[in-house]
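Reading through the structure tokens given below for one structure.
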Amino acid sequence: MLNNLQKSLICAMLYMVVGDAISSIYRIEGDRTMLFFNSLIKHIAKLNKIYLISVVVITLIFSFTNQNLIKADTLGNVVAAVSLEYDIPENLIRRIIQAESCFNEKAVSYCDARGLMQITRSTWEWITQQYLEVDWDFDQCAFDPEKNIKVGACFLRWISDYLEQKQELLNAPKQDLVLACYNAGPGNVRKYNYSVPPFKETQDYIEKINNMSKSAYLFARR
């Protein structure tokens with residue numbers, strides 16, 4: 001939805017585009033003074049029209065961008081809160097959101113994983129019922145940014161604790177295995193002797209997140 005500023009700017013741009021037609025309404029036949037000022041106004045408008053339209057367009061872009069920044073700041077607060085609650089690095093949560101959904105809270109994958117952190121139905125129901133102990137219906141709540149991030153962070157906490165218990169069996173860096181568990185499932189990591197499964201998607205996923213720069217984030221670390 002457009003806010004009042006955006007509506008006003010769009011109206012102003014439309015006025016500039018059709019300004020010549022509007023100004024002709026005030027032309028009085030035979031009145032040289034009116035014709036002179038009318039001609040002068042039209043001439044100035046033509047000289048400045050491109051500049052004025054550019055200003056309006058830039059302002060509109062800034063207005064839309066500012067809305068996204070406000071939304072990003074809200075997500076940043078959620079990430080910071082769940083990071084503290086579950087002792088998961090904010091940096092890691094951001095990277096996973098970027099890789100999983102590109103910060104699209106309405107994202108849905110081919111396997112029906114949903115939301116910012118792309119949670120599947122089975123994982124959602126398992127985490128919400130056994131660990132969070134909340135009645136969050138998958139169909140109604142999975143697209144809620146705060147709930148989705150909370151479930152995803154809780155799942156990451158479970159994965160980290162699980163791998164910690166298997167520390168002596170790990171055959172790859174723990175962070176790589178955390179990401180492998182998140183992407184391919186803990187069962188596949190266990191199946192391949194606590195190493196990264198030989199799945200191209202999972203291997204690419206780990207490499208993408210580990211190589212992700214801070215400039216890729218849509219909201220900055222506070």
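Condition check ((1) at pLDDT below 95; (2) in contact with an Asp or Glu (Cβ under 9 Å, 6 or more places away or on another chain); (3) surrounded by 20 or more Cβ atoms within 10 Å (Cβ to Cβ)) across all residues:
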residue	(1), (2), (3)
Phe155	no, no, yes
Val189	no, no, yes
Tyr192	no, no, no
Val196	no, yes, yes
Asp204	no, no, no
Lys214	yes, no, no
Residue count for region 104-121, restricted to those that are more than 13 Å from Phe138 (Cα to Cα) and touching a Pro at 6+ places or on another chain (Cβ under 9 Å)
2
When (1) under 22 Å from Asn77 (Cα atoms); (2) surrounded by 14 or more Cβ atoms within 10 Å (Cβ to Cβ); (3) among the hydrophobic types (A, V, I, L, M, F, W, C); (4) in contact with a helix residue (DSSP H, G or I) (Cβ under 9 Å, 6 or more places away or on another chain) are applied to Phe143, the one that fails is (4)
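Could you check, for region 157-175, whether at least one of its residues is closer than 18 Å to Phe103 by Cα, at pLDDT 95 or above and buried (at least 16 other Cβ atoms within 10 Å of the Cβ)? Can you show your working first?
Keep residues of region 157-175 that are closer than 18 Å to Phe103 by Cα, which gives none.
The answer is no; no qualifying residue exists.
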Out of the residues in region 81-104 that are over 14 Å from Leu156 (Cα atoms) and surrounded by fewer than 19 Cβ atoms within 10 Å (Cβ to Cβ), which is farthest from the chain's Cα centre (by Cα)?
Ala81
Give all pairs with beta carbons closer than 9 Å in which a residue from region 114-125 that is among the small types (Gly, Ala, Ser) meets a residue that is surrounded by fewer than 22 Cβ atoms within 10 Å (Cβ to Cβ) and not in a helix (DSSP H, G or I); count only pairs at least 6 apart in sequence or on separate chains.
Gly115/Asn104; Gly115/Glu105; Gly115/Lys106; Gly115/Ala107; Gly115/Val108; Gly115/Phe143; Gly115/Asp144
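The values are calculated or read from the model by the stated rules, or taken from the named source; none is laboratory data. From a predicted model like this one, the values you see are computed outputs, not experimental measurements. Here Cβ is always computed from backbone atoms with ideal geometry, including for glycine, and neighbour counts include all displayed protein chains.
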